[in-house]
Amino acid sequence: MSVETIFSKIIRHEIAADILYQDKLVTAFRDISPCAPTHVLIVPNVLIPTLNDISSRHESILGHMILIAAKIAKDEGVSADGYRLVINCNKNAGQEIYHLHVHLLGGLLLRPI
Ligand code: 5GP
């Protein structure tokens with residue numbers, strides 16, 4: 001069974017976060033401990049713990065996460081100079097929060113992600 005994380009509470013506005021975007025599929029908010037000048041997390045509203053838990057039924061959500069990441073990169077003014085998208089999966093990748101998320105990192109990294 002999937003266990004809710006703090007991200008579910010952010011999605012439901014039960015705890016504070018700097019939310020930049022939300023629709024029926026995804027929520028995007030600034031990382032509380034940024035690794036780059038622009039560091040935004042794009043999160044599916046449904047709880048998917050890791051990339052290992054995706055299936056074909058998640059295809060539209062996953063595509064939407066990337067589209068929204070690109071939109072936020074443009075809105076944040078980092079799209080022309082460049083940015084990276086990162087998904088950590090499980091402990092060897094350093095995943096801390098077991099609710100799937102894309103890191104949007106714009107500008108030079110302040111520390112390793
Ligand atoms: P992971 O290592 O799981 O890929 O990344 C989790 C990210 O979530 C980290 O960059 C961490 O700083 C961020 N994070 C953890 N707790 C919170 C929180 O309560 N609020 C926000 N906005 N970000 C968080």
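Here are a few things to note about the model shown:
- Contact annotation: no residue pair with Cβ atoms under 7 Å, 6 or more positions apart or on different chains, pairs a residue in the stretch 88-101 that is over 18 Å from Ile10 (Cβ atoms) and open to solvent by 60 Å² or more (accessible area, probe 1.4 Å) with a partner that is near the ligand (Cβ under 6 Å from one of its atoms) and not in a loop (DSSP other than H, G, I, E, B).
- Subset of the stretch 21-30 [within 14 Å of the ligand (Cβ to nearest atom) and either among the β-branched types (Val, Ile, Thr) or open to solvent by less than 30 Å² (accessible area, probe 1.4 Å) (or both)]: Thr27, Ala28, Phe29
- The residues in the stretch 36-60 that are within 22 Å of Asp18 (Cβ to Cβ) and open to solvent by less than 30 Å² (accessible area, probe 1.4 Å) can be counted, and the count is 8.
- Subset of the stretch 7-20 (residues that are open to solvent by less than 40 Å² (accessible area, probe 1.4 Å), in contact with a strand residue (DSSP E or B) (Cβ under 7 Å, 6 or more places away or on another chain) and not aliphatic (A, V, I, L, M)): Phe7
- The stretch 63-75, residues that are in contact (Cβ under 8 Å) with a residue 12 or more places away in the chain and surrounded by fewer than 18 Cβ atoms within 10 Å (Cβ to Cβ): His64, Ile66, Lys71, Asp75
- Any hit, the stretch 52-60, residues being small (Gly, Ala, Ser) and within 11 Å of the chain's Cα centre (by Cα): no
- Criterion (in contact with a helix residue (DSSP H, G or I) (Cβ under 8 Å, 6 or more places away or on another chain) and open to solvent by 40 Å² or more (accessible area, probe 1.4 Å)) met by exactly one of Ser33, Ser79: Ser79
- Residue within the stretch 55-67 that is within 14 Å of the ligand (Cβ to nearest atom), closer than 15 Å to Ile113 by Cα and touching a strand residue (DSSP E or B) at 6+ places or on another chain (Cβ under 9 Å) present: no
The values are calculated or read from the model by the stated rules, or taken from the named source; none is laboratory data. Only a predicted model underlies this, so the values are computations on that prediction, with no experimental measurement involved. Glycine gets a Cβ as well: all are built from the backbone with ideal geometry, and neighbour counts include every protein chain shown. Only protein heavy atoms, including side chains, enter the accessible area calculation; ligands, DNA and RNA are left aside. Shrake-Rupley method; radii C 1.70, N 1.55, O 1.52, S 1.80 Å.
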